[in-house]
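Accompanying notes for the structure given below.
Just so you know, all these numbers are worked out from the coordinates, no wet-lab data involved. No experiment lies behind these values; they were computed from the predicted model shown. Glycine gets a Cβ as well: all are built from the backbone with ideal geometry, and neighbour counts include every protein chain shown.
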Amino acid sequence: MIRTRLITFIGLLTAFGLTLELLAFPIMAVAPYLLYAPGDIPLLLVGYAFGPVWGVVSVGMKAVLYSLIRGQGGMWGTLMHFIASSAYVVVFCLIVRAKKTYPMMVVALIAATLARALVMIPANLVVTPIYANIPVSVVKGMLIPVIIPFNLIHGGVNALLFLGLFGYLQPIWNDWIKKIGVLTPIKRASYSYLISTSIIGFFFGGTIAFLLRPFSSTDPALRLKLMDILSRGAKLEENLIPLAQQSFNYLIIGMILGILLGLLAGQIIQRKRV
């Protein structure tokens, strides 16, 4: 009975992940072929509850079915999808299953986001030249301005959505896993400190990212103003638009990491006050 419930639950979460994956849309004007989708969020629950093997199985099914339904990417696109999502889900579940607490969940999501970005560097260097028929040198030039920021944003947004939704879904989730009998429910966290510290982290991370924003390649002394960055270079000369978009990615990544670290800090503060 437990085995049947387990497979059914995994199938439902995988199907939900596939549905969310079909909502994919571009988030970077310089690379409209790179699509963001929240399809990994349900698979994080699979990895958390049932381990990395089931997590990878769910990722594989989602990647193959997505490719068959959309007809995009072919074998190489499916492979890249599988590599990125597998790194994300496996790193998350390996860390969070060691200690099922809210701070560990935040740490696991940060590590999973970084793992996705790191894994996709060699994956793009090997696969993209074959898949897109472009030189490796061109892919290398895309790593810092496009590929790494995209994967950090992709993983970071999914991490924030997962943390936000987990609190609302937790009563239903705990009821299910008690029936399945696979693991101990994670303790619910109070949101008072988490909201405050995440807001502080948002502004702190954004500020640090703004201070570290890139310089112009043609003018080493030139860095864009905040409003030019937020508008993604709408009123700038054409040669400065890529710099504005890259600086904007810096801000997004900084704010996401700031929120995640703020959530972790809030949970630590809360535990010390108890």
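Listed values, structure above:
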| item | result |
| --- | --- |
| Simple spin-label estimate for L212 and I200 in nanometres, 7 Å along Cα-Cβ | 2.0 |
| Among A123, L22, A49 - extreme Cα towards positive end, dipole of region 1-147, charges at beta-carbon | A49 |
| Separation of the V138 and L222 label points, Cα + 7 Å toward Cβ, nm | 2.6 |
